[in-house]
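Peer 1: Below you will find the structure I want to go over with you.
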Amino acid sequence: MRFSPFNRFAAVIIVFGGVVTLCGIAALAQTQPARQAQRQTPAIANVGRTPTAEEMAAVDRTVGTTGKELPPGRGTAKEGAAIYARKCAYCHGQNMEGVRQMAGTGALIGGPRLAGAGPPTWAAPASGIKFFAFVTTVFDYIYRAMPPYQPYSLQPDEAYALTAYILFKNDLIREDTVMDRETLPKVEMPNRHSFIPDKLEDIPDIEKRGCYKTYGVCP
C-alpha cells in the first residue's frame, strides 16, 4: 500500500472488535515550501483596485437625521403616485395596504403596510412609517434600497416624490406639498418625541403611556 500521493494525510488504523477502519486526517504540519509561500504572500490579495471618489459617491447615499446629506431634487405626492404604481405597488399593495406573502395568493414578495390606521392584521401588516422619529429615515431607505430588486436605481426626484406620496397617504402633508432638501427635514413625524432612553426604570412609564397598545407609537 503506497501513501506517497497523499503526503498531506496520515493513515490511521483503528482496530475495534475485529473491524479495521482506514481513515485520513489532515497532517498537523505543513511542508517547508508551503510555509515559505505563506510568509511571502502579501497582506493584500492584489484583487481589484481602490474605488475612485466618483465611484464611491455613486453608492454613498446615506442621509442622516438632519438631512444635510439630502441631494438636490424635488417631488410631490401627485408625482409619486405614478412612480409608486410602477415600482412599489407589487410589494406594498395598490393602496399601501401591504402584501402578505402566503401560499395561494400569487404573491412572490411580501411588503409591509405603508399607510392606514388600526392594528396590524395578517392581511395588512403593520405600518412602520409612523414609527420613525425622523422623516429623513424614510427618504434614506427609499433612496438607497428600493425597489429591492434594483437598489440605487431611483433618481433624487423619484425618491422625493415617493416620500411625499407616502407622507400624504399618512396624512402628514398635503398632496401638492413640494418635498426637497429644504422642506423635507421640516416634516415632524408623529413619533418624533416618543423615543426614550432604554432603561428599566422607564418601562412603567412606557406602559402608562400605552406604547405597547399602539404597536410602538407612543401617544
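Peer 1: Pick out, from segment 36-136, the helices (runs of 4 or more DSSP H) lying fully within it that include 2 or more residues that are modelled with pLDDT under 80.
Peer 2: 53-59
Peer 1: What's the total number of residues in segment 172-193 that are touching a helix residue (DSSP H, G or I) at 6+ places or on another chain (Cβ under 6 Å) and among the charged types (D, E, K, R)?
Peer 2: Of the residues in segment 172-193, 1 are touching a helix residue (DSSP H, G or I) at 6+ places or on another chain (Cβ under 6 Å) and among the charged types (D, E, K, R).
Peer 1: Now for a separate question. Can you pull out every residue in segment 155-188 that is of a type in the set (S, T, N, Q) and within 18 Å of residue 68 (Cα to Cα)?
Peer 2: 155, 163, 183
Peer 1: Considering only residues that are of a type in the set (D, E, K, R) and farther than 20 Å from residue 173 by Cα, which ones fall in segment 61-83?
Peer 2: 61, 68, 69
The values are calculated or read from the model by the stated rules, or taken from the named source; none is laboratory data. In this text, all values refer to a predicted model and were calculated from it rather than measured experimentally. Cβ sites come from the backbone with ideal geometry, for glycine too, and all protein chains shown count toward neighbours.
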